[in-house]
Amino acid sequence: MAYRETEAQVRAGTEADLSALTDIYNHYVQQTVSTFDTTPFTPMARRPWFLSHPEDGPYRLLVAQDVPSARILGYATSSPFRTRAAYSTSVEVSVYCAPDAVGRGVGTLLYAALFKILEDEDIHRAYAGVTQPNEASTRLHERFGFRYVGTYGEVGRKFGRYWDVAWYEKRLGTVPEA
């Protein structure tokens, strides 16, 4: 799939991607409030997170890779929303792009592929938390059919201040018969 002057492909993440994925995430840890992690990770410390996203099932890790250079441009995940059994048909989704790939359609490409895969899973809802303000992330989620459901006020403290997180949900799959 083309995005501005280069070709990108989406595929399942592999352990060989772990260093690049960690570098991308650490940018957000150190420079933004998109995540409430505050300490950078090593690839080894990030490995359990990677292993929690197998190549099949509802919890996925997809990467966008530049075709000519094989460089990882970003990734999207679907992860358990909560650990209790009744939440098993809900996922939390996220997307992170390399800083120089932001605004180039990589997030859109990744989410399109992720939601296509999730169509075949027993998933009823996808949820996304967006630290405020973040107009680009809000627009991305709304473009994919997410609707705003509420805000947790001052739920996280990072960089010496408190931040709100707006929550969005998207209906997936079908409703089981009663």
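Some notes on this structure:
- When we screen 136, 128 for residues that are hydrophobic (A, V, I, L, M, F, W, C), in contact with a helix residue (DSSP H, G or I) (Cβ under 7 Å, 6 or more places away or on another chain) and either under 20 Å from residue 163 (Cα atoms) or not in a helix (DSSP H, G or I) (or both), the only hit is 128.
- Residues within the range 140-177 that are under 22 Å from residue 124 (Cα atoms) and not in a strand (DSSP E or B), tallied: 13
- Extreme residue, farthest from residue 74 (Cα to Cα), among residues of the range 103-150 that are touching a Leu at 6+ places or on another chain (Cβ under 8 Å) and of a type in the set (A, V, I, L, M): 123
Just so you know, all these numbers are worked out from the coordinates, no wet-lab data involved. None of these values were measured; they are calculated from a predicted model. Please note: Cβ atoms are built from the backbone with ideal geometry, for glycine as well, and neighbour counts cover all protein chains shown.
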